[in-house]
Each structure stands twice: as structure tokens, then as C-alpha cells.
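Peer 1: Can you keep this structure in mind? I'll have questions shortly.
The values are calculated or read from the model by the stated rules, or taken from the named source; none is laboratory data. Fair warning: this is a prediction, and the values are worked out from it, not measured in the lab. Methodologically, a virtual Cβ is constructed for each residue, glycine included, from the backbone with ideal geometry; neighbour enumeration extends over all protein chains shown. The accessibility values were calculated without ligands, DNA or RNA, using every heavy atom of the protein model including side chains. Shrake-Rupley method; radii C 1.70, N 1.55, O 1.52, S 1.80 Å.
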Amino acid sequence: MRHLFTFLFLTLGLQIAEAQEPYRSFESYTSLPFVSEGKSWDIHRWVYENSFYYNDHYFLSGDTLLNDKKCMKLYMTTDQENFPSAIYPQHEVGFYRGALYEEDGKVYMVSSSNNSVALLYDISLVAGSEGKVNGTTVKVQSVDTLFLAGCYRKVMIVRTWVSNGSYFDEPWVEGIGGPNPFNPVSQGKTGGRVDFVGYAENGQTLFSSEDFEALQALAKEGERVKFVEDGKVWTYLRTAPPAYMHFFSLFIQGDTIMGGKECKKLYGDHYDYHVPYEPICFLGGLYEEEGKVYLVDNVYNTTDQWFHQLLYDFSHQVGDTFTVDNDRYHLKLVEIREGEVHHGQDYKVHVFQWDSDRDGWHWGYKDVTWIEGIGSTYQDLFEVCPIMGKYGFLTSVTLNGDTLYYRDIPEVCKEMLGVKHVTTDESQLSDKKYDLSGRQIKEARKSQIIIRDGRKFILR
């Protein structure tokens, strides 16, 4: 995470005071205060299915004693004409939203209605630790110290679980909070979203939405599984029509420059739908930027007309809507959950509702899953949504011979493909093992179809 410091210094223009030490000692660590007079936050609060937003301004002003705790009052002004003043009493300076106090790095909010207490932030948590914030489980993914908003502050990347294993990651900045400052665990849950606009002290803006976006982008990039890698092989089984049932592979090998981008070459082996035994063909160049995976193709076989097709976009948070494949597919991210662990790597599974421009925008389906670093598990890498029907599926993904993903095939398909030799004793076979694309592999998984001595086997 130390690269965060360099990035922010170069791109955000943050100035470092030469006389100040780069990092404060965590052994004698005292957190910067969140609760102090003169602080204010501005947000956009979206309503009515995120169709428009209100401008909300929060600020701290005046002391009070609640539950035997010395607190500071939190007020809000808004351009919403019918804001519920019966719930949040209106004072001369604004609507009273509650009161804040902090102890040992923990920031608490006392309700304006019944004086109940909720924990907003726990800056005392360390990397890898879990806690409860306002009744929601959070886990700290990483902690760093960066020069932000005029001084060195602790920056925490915090993972919040929403439901059914889904989660989102967001930065918390010491003394400032998260992108949704007074409900930091709500983003991604049911309801309208909140966009951070700015943070100020005594009227001077010190932290903006662009600063948060830079932290979020780097947090995502640091945790994201790489998609485009030399030596990666996707193997698929084409199941329809039955007469053409066969295995084929897509694989990455070598570098190239296409359309002004540094790409990896993508090839297909037995890829053609109607000619199962077509030799290896070049399909285009792959590259990825900030979680987006692109395929570059020279559509008209010229040097100046390049087509950059967005295949996958893993950069979004739960609730975001976007399009891929030249706006052919409309997607809404509804869940992110942990996938299976292979070779010590956690894979995020993105679950979408989707629709196509053929039928309009209905959000009628919820059966689309992409695996970060792997892609769609449908009939091939380019079929990001199963709009063309169930004509096949992904059987395995390997990286330089190591298995990243594996799915067994139905028995009826094995019989039709002529996979009849089964053994439980690997000593009966030669040392060299190959996958169904003819590439040598290091180790075979249980139930994986392999080739040895020119015959197909299933290891039991």
C-alpha cells in the first residue's frame, strides 16, 4: 500500500511539509479527532431509484451532555423542501441530526430521537481484524498512513458485508470518515446511494470527491485478481448441436501492440462453431485497465480502424448499472461474494441482473455470474451473458499449468466424446499429462479429463 502515497502526491497535488515525519509511530498512536468544532461535510443524497439527488450539508456546532457523555451537536441543511422536521427538529442553524463523541479511536453517534448510541467508526482496528459498526460486520483489508487534508492520517480499506456473502470495500480516512460520512455501512444496501462531495474545516475545503475516488480506485486495483496473463488457458465444451460436440480452447500467448494499446495475444484452438478441427487462429489482443477487460480487433484489416470491445468490467460496486459489448448488454451489479480458493487466491464472484437492447431494460434475469480473473462460465469467453442459449460451458482455466477453475462434465457428454478409459492408479500411466487442448500440465485434478499415451482418461 506504500504506492498509495506516491500516487496521491503526484496526482492530487498534495504538499508534504518537510519538517514533518513521514509516518507517525503506531506504538504511541493517538488518533486525530473526528469530533471538533468547525468541521463540515457535503454529500449528494440520491432518491427515487437514484433518479435525482438533494444537496445535504452536515456540520458540527456546539456542545451538549447526553448519556453522561460530552458530545458535539450535528446539524444538517438541505435543499429538500419537505424534509421530515418531525423526526429531525429544525433549529435556527439547521435540522438537528444527533450528537457525536469519540473514545479510544471510536466515533459514536447519539440519536436525535431517543438518545440511542451507534458506533460509526472504529479507527483502532488493525489490518485483518473484524468488528461491528452499527450492527454490521466489517473487516479491515489494509491500513496505511498518507498525507491528506493538511496532515498525516490513517487510511483504512474496510470491507462491509451486505447480505448473502455480498460485500463492498471503501476507504475510511481518519478524522474525515468514509464516502457516506454518517452512515458508513449503508452503501450497497437497499435504498438510494450517497455521493461524497467535500470535507471542510472552518469553511476551507480540504478533501474532495476526487480524493476519495483516487483512494477507492487504488484500493480496488490492489485487491483485484489479474485477468490478462500470459499462459492462461480457457477450455470449453461445445454441446450443441450434438453432432459438433467438441472441446475447444482460448489461450493467451505473447505480446503485441494493437490500436495504440499494449496487449496480450489471444488465440483460439478448434474454436470455429461449425468446423471443430480448425487449426489455431488469432482472435485479437486483450488488455485491462482499472478492472475493465478489452478485446482489440482490426475489423477491416487496416492499420487505422481498431475496435476496442469492452468484454468485462469488474470495477463497479453493488447497485451500479452499466453496459458492455458495445452497449449490447445492460447489467446491474446486485452481489459480490467470495469464490473458491485456488492456490491461495480469493476469487470474487460478481452476480448481475441483466437485459439486452433487444428486449429493453427490464432487469428480468438474475443468473449472470462473472468470476474475477476468469470471466464468464458460459459457452465461451465472449459470451458474457447467456443470451444465445446454453450451447456449452467453461470446463477449466489454467495458468502455466496450474488449475484456477475446474468444472466436471456430465456423464452423457463423456460417453458421446468417447471418454471411456478410467483409472485410479496413476502409476499405470506415463509421466507426461496433457489437457484436452494438447498442452502439457503439471498436475491433474480429481475427475479431470486428461490425455496420456494418446488416450483420454478421467482420474478418480
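Peer 1: List the strands (runs of 3 or more DSSP E) inside the stretch 158-259, counting only whole elements, that have at least 3 residues being modelled with pLDDT under 90 and either open to solvent by less than 10 Å² (accessible area, probe 1.4 Å) or more than 28 Å from Y287 (Cβ to Cβ) (or both). Write out each step before concluding.
Peer 2: Values: elements: 167-173, 194-201, 204-208, 232-238, 246-258.
In the stretch 158-259, 232-238, 246-258 are the strands (runs of 3 or more DSSP E) which contain 3 or more residues that are modelled with pLDDT under 90 and either open to solvent by less than 10 Å² (accessible area, probe 1.4 Å) or more than 28 Å from Y287 (Cβ to Cβ) (or both).
Peer 1: A follow-up question, please. Is there a residue in the stretch 158-166 that is within 19 Å of P33 (Cβ to Cβ) and touching a residue at least 60 places away in the same chain (Cβ under 8 Å)? Full working, then the answer.
Peer 2: In the first step, residues of the stretch 158-166 are kept if they are within 19 Å of P33 (Cβ to Cβ); the result is none.
There is no residue in the stretch 158-166 that is within 19 Å of P33 (Cβ to Cβ) and touching a residue at least 60 places away in the same chain (Cβ under 8 Å).
Peer 1: Every residue in the stretch 31-47 that is of a type in the set (F, W, Y) and open to solvent by less than 30 Å² (accessible area, probe 1.4 Å), please.
Peer 2: First pass over the stretch 31-47, keeping only residues of a type in the set (F, W, Y): 34, 41, 46.
Within the stretch 31-47, F34, W41 qualify.
Peer 1: When residues of the stretch 46-61 are filtered for being without any contact (Cβ under 8 Å) to a residue 60 or more places away in the chain, more than 19 Å from L206 (Cα to Cα) and in contact with an Asp or Glu (Cβ under 8 Å, 6 or more places away or on another chain), how many remain?
Peer 2: Of the residues in that region, 1 qualify.
Peer 1: I'd like to know if the stretch 24-44 contains one or more residues that are closer than 19 Å to V194 by Cα and either of a type in the set (G, A, S) or at pLDDT below 90 (or both).
Peer 2: Within the stretch 24-44, one or more residues are closer than 19 Å to V194 by Cα and either of a type in the set (G, A, S) or at pLDDT below 90 (or both).
Peer 1: Quick one: would you say N67 is under 24 Å from G135 (Cα atoms), of a type outside the set (G, A, S) and open to solvent by 40 Å² or more (accessible area, probe 1.4 Å)?
Peer 2: Values: under 24 Å from G135 (Cα atoms): yes; of a type outside the set (G, A, S): yes; open to solvent by 40 Å² or more (accessible area, probe 1.4 Å): yes.
Taking the combined requirement at face value, the residue satisfies it.
Peer 1: Something else: Here are some conditions: (1) under 27 Å from T145 (Cα atoms); (2) free of Cβ contacts under 8 Å to residues at least 40 places away in the same chain. I43 meets all but one. Which one does it not meet?
Peer 2: If we test I43 against (1) under 27 Å from T145 (Cα atoms); (2) free of Cβ contacts under 8 Å to residues at least 40 places away in the same chain, just (2) comes out false.
Peer 1: While we're looking at this one, here's another question. Being under 13 Å from W172 (Cβ atoms), hydroxyl-bearing (S, T, Y) and not in a strand (DSSP E or B) is the filter here; which residues of the stretch 103-126 pass it?
Peer 2: Across the stretch 103-126, the qualifying residue is only S124.
Peer 1: Moving on to the next point. Regarding F282, is this residue in a strand (DSSP E or B) and modelled with pLDDT of 80 or more?
Peer 2: Working: in a strand (DSSP E or B): yes; modelled with pLDDT of 80 or more: yes.
When the stated conditions are applied, F282 passes them.
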